[in-house]
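The values are calculated or read from the model by the stated rules, or taken from the named source; none is laboratory data. All values derive from a computational prediction rather than experimental measurement. Cβ coordinates were reconstructed from backbone atoms using ideal geometry, including for glycine residues, and neighbour counts include every protein chain displayed. Just the protein is used for accessible areas: all its heavy atoms, side chains included, with ligands, DNA and RNA removed. Shrake-Rupley method; radii C 1.70, N 1.55, O 1.52, S 1.80 Å.
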Amino acid sequence: MVDAVRQAADEGAWGRYVGRYGDELRALLRERHGVGHAWLCSSGTAAVELALRGLGVVAGDEVILAAYDFKANFTDVLAIGALPVLVDVRADDWQLDVDKVRDAMTSKTKAILISHLHGGSVDLARLREIVGDGVPIVEDACQCPGSVIDGRPAGSAGDVGVLSFGGSKLTAAGRGGAVLTDRGDVIERIKRHVMRGNDLSPLSELQAAALVPQWRSLDEQNEQRRRSTRSLHGLMAEITGLRMLIPPDHSRAAGYYKVGFEYDPTVMAGLSRETFCLAMRSEGIAFWPGFRSLHRIHAARRFRAAGPLPVADRADGRIVLLHHPVLLGTDADIEQIVVALRKIQHAASDLSRRSFEIPPAPWDRDE
Ligand SMILES: *Cc1c(COP(=O)(O)O)cnc(C)c1O
């Protein structure tokens, strides 16, 4: 990767608006996803907004999404002037409950935005059966690039797919994103929105140069992350208080940007989730509380809840995430996670009586 960036720099690509690195990345993404178009842009957040605009979503329309989802997905809907309609997540894996989508639909529903989160996947095939072809689906694959869901590359099964190349993601360029689609009309609307004599939301040549080799080694790395997650799941068999949300399954080529868990403080002597994660991090293991549920952090007038959201409430208070880098470590690194878990479980009642200063999660920090 460093070689590719150095070469791009040597060629002067660092100073160019457009060139062969962007072309190469677009071609690679089209081919991998079997789609006609890959539009590069400045972030996954921008890509979600462009996907919705590309589908013709405008002010006053409604967009359905899970009540437990990445917060920018919600604000992207608001940015267009559309109304987020929140649907609860499934009781087992905390992914969008597709069986609840039908009841959330109205004549104003212009798109359904689904995100595969924390090593899991939304059942897109079933969603399509339920909603028919009338309402387009945006498939957010920011957390699982290169994974395969129901035999299709993640991001290629909706009307429009979205990828992120943000600094913490599995293919990273600091910032960056892409929109994938077969629909020429979507790309035309995106162009009309971003091309103002200049591109409102570009990806640079140097970023593209850094991404191409990462996409080439992604399958191998995804496989290693899957192996690590399987062995972690096995090693955790006797751990109580922490449930892996999506048990690894050999039939799925899952992507692991984060591995999601349900944390039960009652089994950990009442140790708060925040203190538990802090203790894990002080053992060198990147555990963090997950993002908040959308209905918990936004005023009620900003969205419509399609029914009660009890599982999203539960996820809001209980989700814990393991960040991906450790999954490329050695067997000993994975064993160390379980050693740390046992240690903290042992010390839980002592820890729960003390108070700690808890830093905000990186994604909750204002930059
Ligand atoms: C990271 C992420 C995004 C947005 O990506 P950025 O490039 O950070 O803007 C969107 N959706 C999900 C599910 C993500 O995890």
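Assorted remarks:
- Among beta bridges identified by DSSP and lying wholly in segment 2-216, the antiparallel ones come to about 50 percent.
- Calculated FRET efficiency for the pair residue 223/residue 196, C-beta based, R₀ 56 Å, to 0.05: 0.85
- When only the Cβ of Lys, Arg, Asp and Glu is charged (+1, +1, -1, -1), the dipole of segment 219-365 relative to its Cα centre reaches about 680 debye.
- Kirkwood hydrodynamic radius (C-alpha pairs) into Stokes-Einstein, the chain, 4 °C and 1.567 mPa s, D in µm²/s: 61
- Helix 44-54 axis, angle to the chain major axis (alpha carbon atoms, nearest 10°): 40
- The chain - charge dipole about Cα centre, Lys and Arg +1 at Cβ, Asp and Glu -1, debye rounded to 20: 540
- Angle of helix 71-80 to the longest C-alpha principal axis of the chain, folded into 0 to 90 degrees and rounded to 10: 30°.
- Of all accessible heavy-atom area on segment 26-145, the percent that carbon and sulfur account for (1.4 Å): 48
- Ordered from highest to lowest accessible area with the whole protein assembly present and a 1.4 Å probe, 75, 266 read as 266, 75.
- Placing a label point 7 Å from the Cα of residue 264 along the Cα-to-Cβ direction, the residues of segment 317-345 whose backbone N falls under 16 Å of that point are 317-320, 345.
- Max mean-square fluctuation residue, GNM over the chain, Cα-Cα springs under 10 Å, options 189, 16, 26: 16
- The chain: antiparallel DSSP beta bridges as a percent of all, rounded to 5: 60
- Only one residue of 297, 17, 286 has its Cα farthest out toward the positive end of the dipole of the chain, where Lys and Arg carry +1 and Asp and Glu -1 on Cβ, and that residue is 297.
- Signed unit charges on C-beta, dipole axis of the chain, positive-most listed residue 329, 349, 253: 349
- Residue 290 long-range amide H proximity, modeled H, under 5 Å: 319, 320, 321
- Percent breakdown of C-alpha pair distances by 10 Å bin, ordered from the shortest bin, for segment 2-216: 9, 36, 35, 15, 4, 0
- In the chain, lysine pairs with alpha-carbon atoms under 23 angstrom apart (chain gap of 8 or more, or interchain): 10
- Top of 162, 48, 18 by mean-square fluctuation, Gaussian network on the chain, Cα under 10 Å: 18
- Each residue of segment 329-339 was assigned a 3J(HN,Hα) from its phi angle through the Karplus curve 6.51 cos²θ - 1.76 cosθ + 1.60 (θ = phi - 60°); the sequence is x, 8, 4, 5, 4, 5, 4, 4, 4, 6, 4 Hz, with glycine and proline shown as x.
- Cα gyration tensor shape of segment 219-365, rounded if a/c is under 1.5, else prolate or oblate by comparing a/b with b/c: oblate
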